[in-house]
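The values are calculated or read from the model by the stated rules, or taken from the named source; none is laboratory data. Computed from a predicted model, the values in this text were never measured in an experiment. Here the Cβ positions follow ideal geometry from the backbone for every residue, glycine too, while neighbour counts run over all protein chains shown.
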4 protein chains.
Amino acid sequence: MLTYDVTPYLSFFSFAFMAIKILITGGTFDKEYDELSGKLFFKDTHVPEILERGRSRIKTQVRTLMMIDSLEMTEADRDLIVSHCKQCKETQIVVTHGTDTMEATARKLGKAKLNKTIVLTGAMVPYKFGSSDGLFNLGAALAFVQSLPAGVYVAMNGKYFTWDNVRKNKSSGFFEELK
Amino acid sequence: MLTYDVTPYLSFFSFAFMAIKILITGGTFDKEYDELSGKLFFKDTHVPEILERGRSRIKTQVRTLMMIDSLEMTEADRDLIVSHCKQCKETQIVVTHGTDTMEATARKLGKAKLNKTIVLTGAMVPYKFGSSDGLFNLGAALAFVQSLPAGVYVAMNGKYFTWDNVRKNKSSGFFEELK
Amino acid sequence: MLTYDVTPYLSFFSFAFMAIKILITGGTFDKEYDELSGKLFFKDTHVPEILERGRSRIKTQVRTLMMIDSLEMTEADRDLIVSHCKQCKETQIVVTHGTDTMEATARKLGKAKLNKTIVLTGAMVPYKFGSSDGLFNLGAALAFVQSLPAGVYVAMNGKYFTWDNVRKNKSSGFFEELK
Amino acid sequence: MLTYDVTPYLSFFSFAFMAIKILITGGTFDKEYDELSGKLFFKDTHVPEILERGRSRIKTQVRTLMMIDSLEMTEADRDLIVSHCKQCKETQIVVTHGTDTMEATARKLGKAKLNKTIVLTGAMVPYKFGSSDGLFNLGAALAFVQSLPAGVYVAMNGKYFTWDNVRKNKSSGFFEELK
């Protein structure tokens, strides 16, 4: 039998079919209004709907890890995010996340030195409420994840920040570099 | 008198304050519905409103060059776009444009070899109509213009294409590479 | 055989289950934007969606007669509307209609002396475009059809007009009484 | 001096110019999302905006009495609503109100026997959140207040209920008659 070692080609094929991974963790991005209780809550992620609305043609793999307000994230939750980023075969990952502790998760991912392009994003207004920055931010995050070199970034307010130089200004709600 | 030549520093300062130029040319992106005639028409650009909705903090300079359907663009119109891109001091430029002849303007800009990062984008549904890809596309275009090297690109459907390898598929409405 | 004449009770039962008929004829109310051609067109009526959005609990029967711009209505089309209003068992009918010739259909219905409460309504902006008066007008029309005595009315701009005292002001787009 | 008693004519003139009074008390109808705190709160009423969106041409007088969740209404608050309804010169009044205790305020108004047409309405979803019944309900309430005889009514879910035969079903969120 004549065998041929095709493993060098496998990575080519997997690259040719490599999607961008979108990991969902919740945050204001995906909150909805529950009319019976008058409270905000989580149901299903709207990311597939947003990708359709944006008429996106990028190959994506959407996976919901959790649906929580980032103020309620524990270190165990952040470890879960890091381990999914590490173990998945994709090398380009967008993570939707609550804005309040996005920088903490970014820091954990940065320190893990994963050699992948990982972009965290979120929204200040729930996508379902109409006047949302969610659609704009997801478009930006998906663009950055395709064009930035390996590293961990936060994409908010139209810009990108490296994981070790970003924080959310709690008074204004905008993201900025550390001084 | 002792003088000091500060010109080398001026470009540093202007770079530090360099905005992203957004040139508006119209297209479906900015169309509106005129209830008295029942027709679509152009009024003012919505780009400033979109930047606000996206809670954008990038320094931008918005300039309306024309408000037309790109099917009505003449070579003189395209020459105007090229000359504005050439003459403005900004080195990062987003051009909003009708999708029907976006590739023609991209080609003209590419051949001009301007040594700037220029990204064309548009929308399939008017921003004013609700179910628009405009917000998503502008977020993507602004991200690409910050992260891609000098060159001319089309940003549609979540991806970017180089000016010499793109066309709009008239049947599906999606953008794709030339085979 | 002992028989019992139940006919006097039949009308009671039918009244107990009598819905409000909603006859759809098209008009700006139901127009949509076709992104491939860039034109406005008709697909399916949005009235069921609007009733859901209004959390309506009225019993309604929705029937699409045609989906056309009222400028293209012929006398045969109007005759069809009149005959449906006459033949259906419901005594409360809302007709969605283009605003341009709504008064012509109202006049035809008024002269038919049908002894039912018939309310015509429409919209100046397509429901699908967001900034629509459609939702407001349908709420008003359904309210008027439940509370006004038998007659033919136009419900637009928050008010109601009798069929013999209404016209659309073509300059302003608003409905008014004849002087 | 020859005098002429014109008082009989005054009421004619005031009737000719009589507006519909719209009293605002808050409720889900007018809630907004505060992106910094992530909570729902009240700012200004949206009723003028809704009347514009509905292209309403009815003469209305909008007056904000309070902006609260109806669960927080006290008897003093309800007394204030009753006294404003009593003292204003208008004989047709719409009251926007939270749905949770709308029936309590309706009852208080009904027992006051004011000999005016008063219609209470509200919304299950904030107007600002897009998928709102507010626009539909206000169109209905304004229609009912013009066509129903003197009395106190609740207009929700497309219907009207008399003040002494209505309650909100807390499980379903819909309004219904008392059995």
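Under the condition of being buried (at least 19 other Cβ atoms within 10 Å of the Cβ) and free of Cβ contacts under 8 Å to residues at least 40 places away in the same chain, the residues counted in segment C:52-66 number 1. Within segment D:62-114, if we keep just the residues that are more than 13 Å from the chain's Cα centre (by Cα) and of a type in the set (K, R), the residue that is nearest to D:E177 (Cα to Cα) turns out to be D:R107.
Under the condition of being at the interface with chain D (Cβ under 8 Å from one of its Cβ atoms) and closer than 26 Å to C:E32 by Cα, the residues counted in segment C:144-155 number 1. Quick one: count up the residues across segment A:143-171 that are closer than 23 Å to B:I20 by Cα, part of a loop (DSSP other than H, G, I, E, B) and without any contact (Cβ under 8 Å) to a residue 40 or more places away in the chain. The total comes to 5. Could you tell me whether segment C:107-129 includes any residue that is at pLDDT below 95 and under 30 Å from D:F161 (Cα atoms)? Yes; the residues of segment C:107-129 include at least one that is at pLDDT below 95 and under 30 Å from D:F161 (Cα atoms). Restricting attention to segment D:67-123, the residues that are small (G, A, S) and out of contact with any Gly (no Cβ under 9 Å at 6 or more places or on another chain) add up to 5. Scanning segment C:67-90 finds no residues that are in contact with a strand residue (DSSP E or B) (Cβ under 8 Å, 6 or more places away or on another chain), of a type in the set (G, A, S), surrounded by 18 or more Cβ atoms within 10 Å (Cβ to Cβ) and in contact (Cβ under 8 Å) with a residue 60 or more places away in the chain.
Checking each residue in segment B:110-125 for being outside any loop (DSSP other than H, G, I, E, B) and under 30 Å from C:D34 (Cα atoms) picks out B:I118, B:V119, B:L120, B:T121.
Selection of segment D:96-109 for residues being in a helix (DSSP H, G or I) and under 20 Å from D:P126 (Cβ atoms) yields D:M102, D:T105. Within segment D:52-95, restricting attention to residues that are β-branched (V, I, T), part of a strand (DSSP E or B) and within 14 Å of another protein chain (Cβ to nearest Cβ), which residue is farthest from D:G26 (Cα to Cα)? Per the stated criteria, the residue is D:T60.
Within segment C:26-46, the residues that satisfy the criterion of being crowded, with 22+ Cβ neighbours inside 10 Å and assigned to a strand (DSSP E or B) are C:G26, C:K31, C:Y33.
Checked across segment B:96-114, the condition of being within 15 Å of B:F175 (Cβ to Cβ) and acidic (D, E) holds for at least one residue. Among the residues of segment C:162-175, just one is within 11 Å of chain D (Cβ to nearest Cβ) and closer than 14 Å to C:A106 by Cβ, namely C:F175. If you take the residues of segment B:29-48 that are modelled with pLDDT of 95 or more and within 14 Å of chain A (Cβ to nearest Cβ), which of them is nearest to A:F175 (Cα to Cα)? That would be B:P48.
Condition first: within 18 Å of C:L138 (Cβ to Cβ) and of a type in the set (S, T, Y). Now tell me which residues in segment C:55-74 satisfy that. Within segment C:55-74, C:S56, C:T60, C:T64, C:S70 qualify. Go through segment C:126-142 and give me each residue that's assigned to a helix (DSSP H, G or I), more than 12 Å from the chain's Cα centre (by Cα) and either over 30 Å from B:T28 (Cβ atoms) or facing chain D (nearest Cβ under 7 Å) (or both). Within segment C:126-142, C:L135, C:F136 meet the criteria.
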